[in-house]
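Colleague: Sending over a structure as structure tokens; questions will come in a sec.
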2 protein chains.
Amino acid sequence: MMPSKDSKHPPNLKISNIGEKKLIKRLLSRSRASQPNSPFFDEFYFKSLSDDAALIDLGDNYLVVTSDLLLESSHLPSDMSPEDRGRKVVTVNVSDLAAMGAKPIGFILSLGLPEDLPLNEFDEIMDGVLKSCQDYEMGLMGGDTNQSDELILSGTCLGIVGKNKVLMKEGARPGDVVAVTGSLGVAAAGFEFLLSPQPVKENLKKELRNSTLKLIQKQAIQPRARLKEGISLANTGAVTSATDITDGLASEVGELLEASKNSVGISLFETMIPITLEVEELATALDQDPLDLALYYGEDFELLLTIEKDEFKHLKDEFGLHQVGVVTDSGKMEIINKDGKTNILEGKGYQHFVNK
Amino acid sequence: MMPSKDSKHPPNLKISNIGEKKLIKRLLSRSRASQPNSPFFDEFYFKSLSDDAALIDLGDNYLVVTSDLLLESSHLPSDMSPEDRGRKVVTVNVSDLAAMGAKPIGFILSLGLPEDLPLNEFDEIMDGVLKSCQDYEMGLMGGDTNQSDELILSGTCLGIVGKNKVLMKEGARPGDVVAVTGSLGVAAAGFEFLLSPQPVKENLKKELRNSTLKLIQKQAIQPRARLKEGISLANTGAVTSATDITDGLASEVGELLEASKNSVGISLFETMIPITLEVEELATALDQDPLDLALYYGEDFELLLTIEKDEFKHLKDEFGLHQVGVVTDSGKMEIINKDGKTNILEGKGYQHFVNK
């Protein structure tokens with residue numbers, strides 16, 4: 001395909017030179033510049049184009065809409081059963097609603113299906129989708145199917161949240177506690193095991209405890225969205241900003257700061273980041289730093305929150321929250337290591353397209 | 001993948017033995033059986049799971065949600081420019097809103113992008129998406145990107161329609177006029193040309209008029225949704241049922257009947273089906289029946305409507321409608337040919353997955 005004449009880029013620039021997050025921002029910044037001047041934009045205006053989901057004004061409530069697509073080759077390792085795959089496309093979408101404190105109302109599924117997919121497998125995928133919709137108390141509203149080379153599960157989830165309760169990426173204030181809803185890096189450990197070459201996998205099976213293998217795989221293959229926590233925490237009124245951790249803690253901390261004023265910073269405390277023994281066990285066996293699995297991997301679908309300091313102590317036990325840092329006025333992302341030394345935290349996370 | 005033990009089907013049954021429309025019905029019938037018992041289902045219940053889009057009750061209005069996915073290999077011939085591809089993913093979704101008389105309020109795009117896609121091409125696809133959103137007077141609300149082997153454009157479109165105005169597949173009454181918003185088979189003719197083997201294509205280029213080649217290709221590559229017509233016709237109150245023609249007239253007539261009572265039938269008049277000279281020209285050159293292109297192909301994105309007989313004569317000229325048949329009480333799909341002979345009309349249309 002020929003590049004257009006009025007191109008602003010060298011024709012040899014590929015999307016792999018840019019990276020996913022920048023592509024999305026590029027897409028949305030172009031969008032903002034061209035919103036049409038329609039009467040509906042007074043009534044149904046959009047907030048938060050860069051947030052976890054889009055918001056439509058319904059008076060007292062926002063309708064929340066999010067869309068996420070899973071591809072067999074990128075997101076669905078062969079160890080996942082068809083039912084697990086169906087569940088996951090619902091969970092990744094619901095997690096975006098959870099991050100905004102929204103209650104799901106319905107799900108729409110577009111499928112790309114290989115021609116030779118056994119009908120049984122289709123039914124099992126649908127079982128997973130429907131069971132997961134039931135778990136999150138919403139219905140499947142519609143769907144369409146297409147023929148494709150690989151399995152494609154494209155979901156759209158609608159939810160509803162009170163305008164005075166919605167959680168956004170913007171809102172962190174210096175002094176707030178930075179917290180997460182559970183331990184980090186568990187799914188990452190699971191994927192590191194599942195995606196290891198066969199000989200490495202066999203070794204790990206001997207080295208690691210059975211309970212470890214079971215737990216880390218389950219978290220990778222059958223993740224759950226923190227929906228109840230998101231909705232209940234939104235109801236407390238104490239959460240100042242939130243997002244779900246899909247690309248790793250560091251990357252999501254960067255997202256919160258990008259949505260905030262320039263002067264807002266976040267400092268994480270390395271010793272406070274909740275890393276379980278299982279994650280340490282896998283990391284040791286693979287000669288990796290367990291902290292990297294927690295900071296740069298994601299897929300646990302825990303929530304990252306900033307919470308008013310005085311409220312945090314009341315909410316901590318009720319929601320099983322872990323403080324991982326504080327909001328500062330430094331404008332920087334920092335991490336204080338075991339020896340008390342402050343380092344700049346790089347915002348990198350798992351990203352498609354980026355040439356590594 | 002092993003079939004599950006409690007399977008109700010022989011393990012060798014593939015989705016290609018079933019066909020797309022039956023797969024969707026299978027999916028949605030399973031869904032209906034498992035709608036959760038949640039308080040939100042009183043407030044935001046869903047109508048029309050088998051309609052062109054899902055409806056959510058907002059009081060005086062319905063929120064209309066539809067989702068459609070395009071794959072490079074199935075839906076996007078290489079002759080389409082990146083901008084045309086971006087426009088098409090918006091148009092196929094808006095066409096579903098048009099069929100319900102709904103006004104678009106926003107679009108969400110999930111992209112699967114090959115790693116080596118030039119950044120220019122990404123920008124041109126987005127130009128097409130944004131220009132098309134502007135044409136249909138809505139905004140791009142959000143998006144996400146993923147790495148994939150082939151280009152995937154998955155769109156979700158939201159719209160709004162008054163409860164007393166919404167057009168559904170159900171509602172045709174004996175005596176109503178069956179009408180379409182424009183001539184049929186033009187896009188089909190364009191695709192037949194574009195997908196011909198090179199030597200056939202070269203011959204067609206010599207045989208067909210330049211204006212014919214231009215027109216049929218434009219309809220295939222740059223289709224438009226009949227949005228203004230759908231909204232205005234819904235406002236008249238005279239339309240008793242509607243759908244958009246994506247899989248061919250015969251298939252969509254079948255959809256209207258399936259949504260109706262058993263006694264409702266439709267008879268088409270072969271001589272009244274609007275087929276242009278250009279379509280006849282292409283069909284003759286390829287030794288095909290032009291009627292087949294109109295009945296069994298789709299992709300023109302015209303609307304199929306049933307309209308109260310007395311109102312039809314007032315609306316005909318204003319909206320450029322063509323009567324193609326009448327609603328009967330026979331419970332059958334029939335077509336009356338040039339010689340006045342009545343034949344049963346087969347409901348087949350373009351379908352993925354079906355082994356032909």
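Colleague: For region B:214-219, what does the Karplus curve 6.51 cos²θ - 1.76 cosθ + 1.60, with θ = phi - 60°, yield as ³J(HN,Hα) per residue in whole Hz, taken in order and with x for Gly and Pro?
Modeller: Calculated HN-Hα couplings, in order: 5, 5, 5, 5, 4, 5 Hz.
Colleague: If amide hydrogens are placed 1.01 Å from N in the peptide plane, which non-local residues have theirs closer than 5 Å to the one on A:THR145?
Modeller: When sequence neighbours closer than 5 places are left aside, the close amide H contacts are A:LEU111.
Colleague: Report the Cα-based extents of region A:51-157 along its three principal axes, largest first, to the nearest Å.
Modeller: So the three principal-axis extents are 48, 23, 22 Å.
Colleague: If you count, for every residue in A:67-78, the Cβ atoms of partner chains within 10 Å of its Cβ, what is the mean?
Modeller: Neighbouring Cβ atoms belonging to other protein chains average 4 per residue here.
Colleague: What are the residues whose amide H is under 5 Å from the amide H of A:LYS169, where those residues sit 5 or more places off or on another chain and H is modelled from the backbone?
Modeller: HN-HN under 5 Å from A:LYS169: A:ASP52, A:ALA242.
Colleague: Nearest 0.05, what FRET efficiency do B:GLU115 and B:SER196 give at R0 = 51 Å with Cβ-Cβ as r?
Modeller: Approximately 0.95, to the nearest 0.05.
Colleague: Taking a point 7 angstrom from the Cα of A:SER211 along the C-beta vector, which residues in region A:252-285 have backbone N less than 15 Å away?
Modeller: So the set is A:276-282.
Colleague: Estimate the FRET efficiency between B:THR236 and B:THR342 by the formula 1/(1 + (r/R0)^6), using the beta-carbon distance for r and 41 Å for R0, to the nearest 0.05.
Modeller: 0.85
Colleague: If you count, for every residue in A:237-248, the Cβ atoms of partner chains within 10 Å of its Cβ, what is the mean?
Modeller: 0
Colleague: Percent of alpha carbon pairs in region B:121-254 separated by more than 20 Å?
Modeller: Working: 5670 of 8911 pairs.
The calculated P(r) of region B:121-254 puts 64 percent of pairs beyond 20 Å.
Colleague: Hey, another quick one. Evaluate peptide B:121-130: per residue, the Cβ atoms of other protein chains within 10 Å of its Cβ; return the mean as an integer.
Modeller: 5
Colleague: How would you order B:302-312, A:259-269, A:137-147 from highest to lowest mean count of nearby Cβ atoms within 10 Å?
Modeller: My ranking of the peptides, most packed first, is A:137-147, B:302-312, A:259-269.
Colleague: Right, another one. Give a residue-ordered list of calculated ³J(HN,Hα) values for region A:243-251 (Karplus: 6.51 cos²θ - 1.76 cosθ + 1.60, θ = phi - 60°; whole Hz; x for Gly, Pro).
Modeller: Couplings: 7, 9, 8, 9, 10, x, 4, 4, 4 Hz.
A short reminder: the numbers here are calculations on the coordinates, not readings from a lab. Since the structure is predicted, the reported quantities are computational estimates derived from the model, not experimental observations. FYI the Cβ positions are ideal-geometry reconstructions off the backbone, even for glycines, and counts take in every protein chain you see.
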